[in-house]
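Below is one structure; the comments refer to it alone.
A short reminder: the numbers here are calculations on the coordinates, not readings from a lab. In this text the structure is predicted, and so the values were computed from the model without any measurement. Cβ coordinates were reconstructed from backbone atoms using ideal geometry, including for glycine residues, and neighbour counts include every protein chain displayed.
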Amino acid sequence: MSPGMGSATVHTLVAVGVALAVAAGLRSTWSP
Amino acid sequence: MLGSITPLGERGRGSRWWVTVIAYVLGSTLAGVTVGGGLGFLGSSFADRTPVTARLVVVALAVIAGLLVDVGSFGLRLPTVRRQVDEGWRAGYRGWVWGFGYGIQLGAGMVTVVTTSTVYVTWLAATLSGSAVAGALIGVTFGFARAIPVLSVAGIRRPDQLLHVDAVLVRWAAPARRATFGVGAIVACVALLGAARW
């Protein structure tokens, strides 16, 4: 892993989490 | 839930809709940032010792497993509490009180009925994010996205409009479910590609 790649991977992980959060939040509109 | 916080209903209870809505959105966002930040903090100790690529793979596999459960593969059902927000609060408390209370519960994601595995995987991602700040970012996004659809009922001032909202929600339930599957699949691919790339 070259310098900076670790940071890029963390950003990918957080971006994945944020995308999931949007989908989960909006989808939950169809729950009580 | 959308049908519970409308200008029509709030007028009937003598409350101002926008006050209730602001309290609701604030409560949900606060719950999201608290749960996400807390999980990120809790996970930071072991996440630091685990390569980010491995964490990405875990999240991707969790998304895929969750989607399989969501579609009922192998007869599996999504585990969830059966609890719902207390309808009695709306009659017993001021709008901003029950709005904030509902927001806190719904923004936490798992203390009322969970309809999609992406809720669980979101909190898994927050846990594996490696820090309280990253977890809080994921959490605040969830809490805000969970609450903000309430603005779609801002124009409800007559009972027939409320019935129309219910009909729209029913009509969009299946497409929303499919859209969640699509987003999940894309996210899993991005996570796996990210792990492979780095």
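Being assigned to a helix (DSSP H, G or I) and either aromatic (F, W, Y) or surrounded by fewer than 22 Cβ atoms within 10 Å (Cβ to Cβ) (or both): is that true of B:V59 here? Judged against the criteria, B:V59 is not a match. Can you find a residue that is surrounded by 22 or more Cβ atoms within 10 Å (Cβ to Cβ) and under 24 Å from B:G184 (Cα atoms) anywhere in segment B:95-102? Checked segment B:95-102: no residue is surrounded by 22 or more Cβ atoms within 10 Å (Cβ to Cβ) and under 24 Å from B:G184 (Cα atoms).
It is to be established whether one or more residues within segment B:108-125 are in contact with a helix residue (DSSP H, G or I) (Cβ under 8 Å, 6 or more places away or on another chain), in contact (Cβ under 8 Å) with a residue 24 or more places away in the chain and under 19 Å from B:T20 (Cα atoms). Among the residues of segment B:108-125, at least one is in contact with a helix residue (DSSP H, G or I) (Cβ under 8 Å, 6 or more places away or on another chain), in contact (Cβ under 8 Å) with a residue 24 or more places away in the chain and under 19 Å from B:T20 (Cα atoms), which makes the answer yes.
Just one of (1) of a type in the set (K, R); (2) assigned to a helix (DSSP H, G or I); (3) surrounded by fewer than 22 Cβ atoms within 10 Å (Cβ to Cβ) fails for B:R49. It is (2).
Results for (1) out of contact with any His (no Cβ under 6 Å at 6 or more places or on another chain); (2) in a helix (DSSP H, G or I); (3) more than 9 Å from every other protein chain (Cβ to nearest Cβ); (4) farther than 30 Å from A:H11 by Cα, shown as yes or no for each residue.
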| residue | (1), (2), (3), (4) |
| --- | --- |
| B:L106 | yes, yes, no, no |
| B:V114 | yes, no, no, no |
| B:V121 | yes, yes, no, no |
| B:L124 | yes, yes, no, no |
| B:V133 | yes, yes, yes, no |
| B:L137 | yes, yes, no, no |
| B:F142 | yes, yes, no, no |
| B:V168 | yes, yes, yes, yes |
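For B:W89, state whether it is more than 10 Å from every other protein chain (Cβ to nearest Cβ), of a type outside the set (A, V, I, L, M), touching a residue at least 12 places away in the same chain (Cβ under 8 Å) and crowded, with 20+ Cβ neighbours inside 10 Å. Walk me through it before giving the result.
Working: more than 10 Å from every other protein chain (Cβ to nearest Cβ): yes; of a type outside the set (A, V, I, L, M): yes; touching a residue at least 12 places away in the same chain (Cβ under 8 Å): yes; crowded, with 20+ Cβ neighbours inside 10 Å: no.
When the stated conditions are applied, B:W89 does not pass them.
Could you pull out the residue among B:L76, B:L39 that is in contact with a Gly (Cβ under 6 Å, 6 or more places away or on another chain) and within 25 Å of B:G184 (Cα to Cα)? Steps first, answer last, please.
Values: B:L76 fails: in contact with a Gly (Cβ under 6 Å, 6 or more places away or on another chain).
Criteria check complete, one pass: B:L39.
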